[in-house]
Amino acid sequence: MDREKIIKLFAENLRIERARKKISQEKLAEMANITPEYLSRIESGKFSPSLVVIANLAIALEISVDTLIPV
């Protein structure tokens, strides 16, 4: 799987999980200790987050990291 497809699928999974939990971008960003602008760019597929940010997002959403990462 190429880099762009991984980033796109990660962004889609993140949006789905955030919506499922009914959490705003602003609230999730606060919970994951990132800015809302950065989260928006991650969800739009413009940025690829670090492993630490991915872990923080998963913790904030109360899901496992593998739920977000496309395999």
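The values are calculated or read from the model by the stated rules, or taken from the named source; none is laboratory data. Worth saying up front: this structure is predicted, and the values here are computed from it rather than measured. Cβ placement follows ideal geometry from the backbone for every residue including glycine, while neighbour counts extend to all protein chains displayed. We work out accessible area using only protein heavy atoms, side chains counted, and drop any ligands, DNA or RNA first. Shrake-Rupley method; radii C 1.70, N 1.55, O 1.52, S 1.80 Å.
Carbon-plus-sulfur accessible fraction, the chain (probe radius 1.4 Å, protein heavy atoms only): 54%.
Among (i) 31; (ii) 65; (iii) 35, which one is percent of Cα pairs over 17 Å apart computed from these coordinates? Step by step, percent of Cα pairs over 17 Å apart for this structure corresponds to label (i). With protein chains left intact and a 1.4 Å probe, residues in the chain average 64 Å² of accessible area per residue.
Within straight-line reach of LYS5, meaning a Cα separation under 26 Å, sit the following lysines at least 8 residues removed in sequence or on another chain: LYS21, LYS22, LYS46. Against the chain, whose longest principal axis is taken from its Cα atoms, helix 3-20 shows a tilt of about 30°.
Before rounding to the nearest 500, sum -39500 (n - 2.57) across all DSSP H runs of length at least 4 in the chain and divide by the residue total; then give [θ] at 222 nm in deg cm²/dmol. Mean residue ellipticity, 222 nm, calculated: -20000 deg cm²/dmol.
Using a simple spin-label model with pseudo-atoms 7 Å out from Cα toward Cβ, LYS21 and LEU51 lie 2.1 nm apart. For the chain, the longest principal axis of the alpha carbon atoms and the long axis of helix 51-61 meet at an angle near 50°.
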